[in-house]
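Q: Before I ask anything, let me first share the structure, which is written out below as structure tokens.
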Amino acid sequence: MVNLGDFFYTLGMWLQGLLMRAGLNESAARGAFSALVAALLPLIALLTAVPLIWLERKWIARLQDRMGPNRVGPFGLLQVFADMVKIFTKEDITPLGADRVVFALAPVLAVAGVVGLWAVIPFAANAFGVDLNVGVLYLVAAGTLSTLAIMLAGWSANNKYALLGAFRTVAQMISYEVPLVLSLLVPVLLSGSLGLNGIVAAQREVWFVFSAPLAALLFLIASQAEVGRAPFDLLEAESEIVAGFNIEYSGMKFGFFFVGEFLHSFTMGLLGATLFLGGWTGPGVETYPALGAVYIILKGTFVYFLFVWARATFPRIRIDQMLDFNWKLLTPLGLFLIPLLAVVNRGLSESSVWLRNAALLGANVLLAALVLTILGMRGRSARMRAASNATPAPAALRR
Amino acid sequence: MTIAQVIFVVISAVVLVSAVLVVVSRNIVHAALWLILSLFGVAALFAVLEAGFMAVVQVVIYVGAIATLIIFAIMLTRREMREPGQQTHRWWPLPALLAMALFAGLAWLLGSLPGTGAAPPALAGEDPVLLLGQALLSPEQYMLPFEVASVLLLAALVGAIVIAGDSR
Amino acid sequence: MDNAWSVVGIFMIVAIVLPGAALIMARLLGPKKPSPIKQQTYECGVETVGESWVQFKAQYYVYALAFVVFDVEVVFLYPWARAYGQLPLFATLEGALFILILAVGLLYVWRKGALEWQ
């Protein structure tokens, strides 16, 4: 009997049935099915880049009061294919003196690091690559591959500007990894599970974005800085003179860095949806589990829209402002948020769900108010200092 | 040979060969890259042994943090990235002999420990991370080392800043 | 195939092979006309002068160092976050103490001026 509501489970069972009829026993069929999923999911991840790039270009265009691609195909839908064909057929120039193997490896690792994140994202109750009991830490580990790729890219190009750019990019990425990892700790704290499936399941009643909005905000900011998107893209922005670590890359290799960045941003959107917006939960998933996939894609796209919106809106910030913001605001915020939430959550673990979440929300609001007050006081004292520094000058000029 | 054994041998070979290449490479940056490969290999070994937490922590800390630190240190202190010249010392057979003797001694010591070579005890389906957490936090087990670890990290941070501050 | 990590292994291998194959395909499809001018390293259109390696700021190292310490700290916190719910409140406070000690470390580094980007 075909139960379309539980589409993924039915599909899985059917494929395993096929494999068993071909001669495999049950556990081998299950293993082969997992291997098949593991082989197809990276392909699916890479293919989502195609509609994604079109979507972002359209959104950015509208936010900048213009139309975006609309010549190639209806509504410019074929634009991405045209760009792909162009990049495929561009000449691949490797600069003299560059380390050829590492030069070619870096873009591959950059993409692999992003695609690797897709292995643990639960798209529906039965649709995921693998349910690791350390899923959240696996996310961080896959992220290190991207950081490594940038370091390799900058070094192997035999170009001091590329190396300098790579250094600064890596410094930015590792700095923002601290609040990112701290914010990833919050869903673990609130759900008691390091696996993404457990985290999604724990959000059946209340999404974590309502229990810990500060952590969600921290994740949003840190993940975009980690990916290197605006407003944190000083180092590879189109309007900068030197394009940073990927200055020597041309053709497909450059294409990979480009696609990797878009895909990384979207994947962070999916992760934000999984960790804070309840992933595949939503009305109707009990009876039709496959509906979960629709929900997570919608939520992930929403978070991705927030990222694109931020990109179109905020001015680029300088690297010293960026690092100050990280080490002097985000990291202390994360460090104080974690024990606060832990104590509230543990202290009220016997109480009802609503009381606990209300208390958590209250704790978030209090901490946010505290931070804003401190920032306000520092801002005021800085303004007063600047004003008092300015006053002696007119007296001197008056003479 | 089962598949698991083949995989183990392949990964171990990668780890060992990259480790040798770290020492033998003439280009110091290449040596760092081989080190990174070796560290990934160790993480893969942890994964094969189903020690998932250790595998990811290995990647996050060793590759993500320490290897980055090493690469930064290399780039900051090498004035020239050129070939450094003669790699081996004149009396190199003597340290090689000493190292092999040390290795043989350690191998014999490890082999004579009870439990070596036996299958690791099954965790009875319990979540290893939960067990680790409980072990780290209960006063009867490892609570004190857990707190001391934070003091150790603090000391490392302060010490490094003091040393770095002197030369800035 | 019982090991969940074998799936991860296959996944990562495919994740590396697929882009690799795309690169090889692009190399076959694209034009190959190397010339000395094209292969020079880019320096804003000017001829390259001198070695490609320059001295870098020690500040990068300080950031990497702080990152190592806080990364290790957070890795310790993950088992704590997993287990604190099943343990008495004392365990939660242990973790809070752990974080507090390292927050003091951050404060020290901040006040020493080691976090300023020169």
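The values are calculated or read from the model by the stated rules, or taken from the named source; none is laboratory data. On a predicted model such as this, the values are computed, not experimentally measured, just so you know. Because the Cβ atoms are built from the backbone with ideal geometry, glycine has one as well, and the counts that use them run over all protein chains shown. For the accessible areas, the whole protein counts, side chains as well, though only heavy atoms, and no ligand, DNA or RNA atoms are used. Shrake-Rupley method; radii C 1.70, N 1.55, O 1.52, S 1.80 Å.
Q: Go through the residues of the range A:56-74 one by one and say whether even a single one is of a type in the set (D, E, K, R) and either within 14 Å of chain C (Cβ to nearest Cβ) or open to solvent by less than 20 Å² (accessible area, probe 1.4 Å) (or both).
A: Checked the range A:56-74: at least one residue is of a type in the set (D, E, K, R) and either within 14 Å of chain C (Cβ to nearest Cβ) or open to solvent by less than 20 Å² (accessible area, probe 1.4 Å) (or both).
Q: Residues being open to solvent by less than 10 Å² (accessible area, probe 1.4 Å), farther than 19 Å from A:ALA212 by Cβ and polar (S, T, N, Q): count how many of those fall in the range A:253-300.
A: The number of residues fulfilling the criteria is 2.
Q: Quick check on A:LEU180: is it open to solvent by less than 20 Å² (accessible area, probe 1.4 Å) and either in contact (Cβ under 8 Å) with a residue 12 or more places away in the chain or at the interface with chain C (Cβ under 9 Å from one of its Cβ atoms) (or both)?
A: yes
Q: Against the definition (in a helix (DSSP H, G or I) and either surrounded by 21 or more Cβ atoms within 10 Å (Cβ to Cβ) or out of contact with any Asp or Glu (no Cβ under 6 Å at 6 or more places or on another chain) (or both)), how does A:LEU137 come out, yes or no?
A: So A:LEU137 fits the description; yes.
Q: Have a look at A:LEU348, A:LEU323 and point out the one that is within 12 Å of another protein chain (Cβ to nearest Cβ) and open to solvent by less than 10 Å² (accessible area, probe 1.4 Å).
A: A:LEU323
Q: More than 19 Å from A:GLU248 (Cβ to Cβ), open to solvent by 30 Å² or more (accessible area, probe 1.4 Å) and either within 8 Å of another protein chain (Cβ to nearest Cβ) or outside any helix (DSSP H, G or I) (or both) - does that describe any residue in the range A:112-120?
A: Within the range A:112-120 (the criterion being more than 19 Å from A:GLU248 (Cβ to Cβ), open to solvent by 30 Å² or more (accessible area, probe 1.4 Å) and either within 8 Å of another protein chain (Cβ to nearest Cβ) or outside any helix (DSSP H, G or I) (or both)), the answer is no, since none of the residues qualifies.
Q: A:TRP309 passes all but one of (1) open to solvent by less than 80 Å² (accessible area, probe 1.4 Å); (2) in contact (Cβ under 8 Å) with a residue 12 or more places away in the chain; which number fails?
A: (1)
Q: How do the pairs read when you match residues in the range C:95-118 that are open to solvent by 20 Å² or more (accessible area, probe 1.4 Å) with residues anywhere that are acidic (Asp, Glu), using Cβ under 7 Å and keeping only pairs 6 or more apart or on different chains?
A: C:LEU97/B:GLU147; C:TRP117/A:ASP320
Q: Name the residue, out of A:LEU132, A:LEU145, that is in contact (Cβ under 8 Å) with a residue 40 or more places away in the chain, within 11 Å of chain B (Cβ to nearest Cβ) and buried (at least 24 other Cβ atoms within 10 Å of the Cβ).
A: Answer to the check: A:LEU132.
Q: Here are the criteria: (1) surrounded by fewer than 19 Cβ atoms within 10 Å (Cβ to Cβ); (2) more than 26 Å from C:GLU73 (Cβ to Cβ). Tell me which single one B:ALA73 does not satisfy.
A: That leaves (2) as the condition not met.
Q: Yes or no: the range A:156-179 includes at least one residue that is touching a Lys or Arg at 6+ places or on another chain (Cβ under 9 Å) and of a type in the set (A, V, I, L, M).
A: Taking every residue of the range A:156-179 in turn, none turns out to be touching a Lys or Arg at 6+ places or on another chain (Cβ under 9 Å) and of a type in the set (A, V, I, L, M).
Q: Another one. Open to solvent by less than 70 Å² (accessible area, probe 1.4 Å), more than 10 Å from every other protein chain (Cβ to nearest Cβ) and β-branched (Val, Ile, Thr) - does that describe any residue in the range A:78-95?
A: Within the range A:78-95, one or more residues are open to solvent by less than 70 Å² (accessible area, probe 1.4 Å), more than 10 Å from every other protein chain (Cβ to nearest Cβ) and β-branched (Val, Ile, Thr).
Q: Also, quick follow-up: State the number of residues belonging to the range C:56-77 that are part of a helix (DSSP H, G or I), within 7 Å of chain B (Cβ to nearest Cβ) and without any contact (Cβ under 8 Å) to a residue 24 or more places away in the chain.
A: 10
Q: May I pose another question? Considering only residues that are under 20 Å from B:VAL22 (Cβ atoms), open to solvent by 100 Å² or more (accessible area, probe 1.4 Å) and either in a helix (DSSP H, G or I) or at pLDDT 85 or above (or both), which ones fall in the range B:87-101?
A: Result: B:LEU98, B:MET100.
Q: Taking helices (runs of 4 or more DSSP H) that do not extend beyond the range B:1-80, which have at least 2 residues that are modelled with pLDDT under 90 and either in contact with a strand residue (DSSP E or B) (Cβ under 9 Å, 6 or more places away or on another chain) or within 11 Å of another protein chain (Cβ to nearest Cβ) (or both)?
A: Correct list: B:3-24, B:28-48, B:68-77.
Q: Which of the numbered conditions does A:VAL80 fail, given that it passes all the others? Conditions: (1) modelled with pLDDT of 80 or more; (2) in contact with a Gly (Cβ under 6 Å, 6 or more places away or on another chain).
A: Of everything listed in (1) modelled with pLDDT of 80 or more; (2) in contact with a Gly (Cβ under 6 Å, 6 or more places away or on another chain), A:VAL80 misses just condition (2).
Q: To continue, here is another question. With the structure loaded, tell me whether A:GLY31 is on the phi > 0 side of the Ramachandran plot and either in contact with an Asp or Glu (Cβ under 8 Å, 6 or more places away or on another chain) or not charged (D, E, K, R) (or both) or whether it fails that test.
A: no
Q: Now, a different point. Against the condition within 11 Å of chain C (Cβ to nearest Cβ), surrounded by 10 or more Cβ atoms within 10 Å (Cβ to Cβ) and at pLDDT below 85, how does B:ALA164 come out, does it pass?
A: Yes, satisfied.
Q: Could you grab me the full set of residues in the range A:152-162 that are surrounded by 23 or more Cβ atoms within 10 Å (Cβ to Cβ) and within 11 Å of chain C (Cβ to nearest Cβ)?
A: A:TRP155, A:ALA157, A:ASN159, A:ALA162
Q: What number of residues within the range A:102-111 satisfy the criterion of being open to solvent by 10 Å² or more (accessible area, probe 1.4 Å) and within 13 Å of chain B (Cβ to nearest Cβ)?
A: The total comes to 3.
Q: Sticking with this one: In the range C:70-93, which residues are open to solvent by 10 Å² or more (accessible area, probe 1.4 Å) and of a type outside the set (Gly, Ala, Ser)?
A: The answer is C:VAL72, C:VAL75, C:PHE76, C:ARG82, C:GLN86, C:LEU87, C:PRO88, C:LEU89, C:PHE90, C:LEU93.
Q: Taking the range C:87-103 only, how many residues are part of a helix (DSSP H, G or I) and either within 15 Å of B:VAL57 (Cβ to Cβ) or more than 7 Å from chain B (Cβ to nearest Cβ) (or both)?
A: So the count comes out to 9.
Q: Take B:ALA13 and tell me if it is free of Cβ contacts under 8 Å to residues at least 40 places away in the same chain and surrounded by 19 or more Cβ atoms within 10 Å (Cβ to Cβ).
A: no
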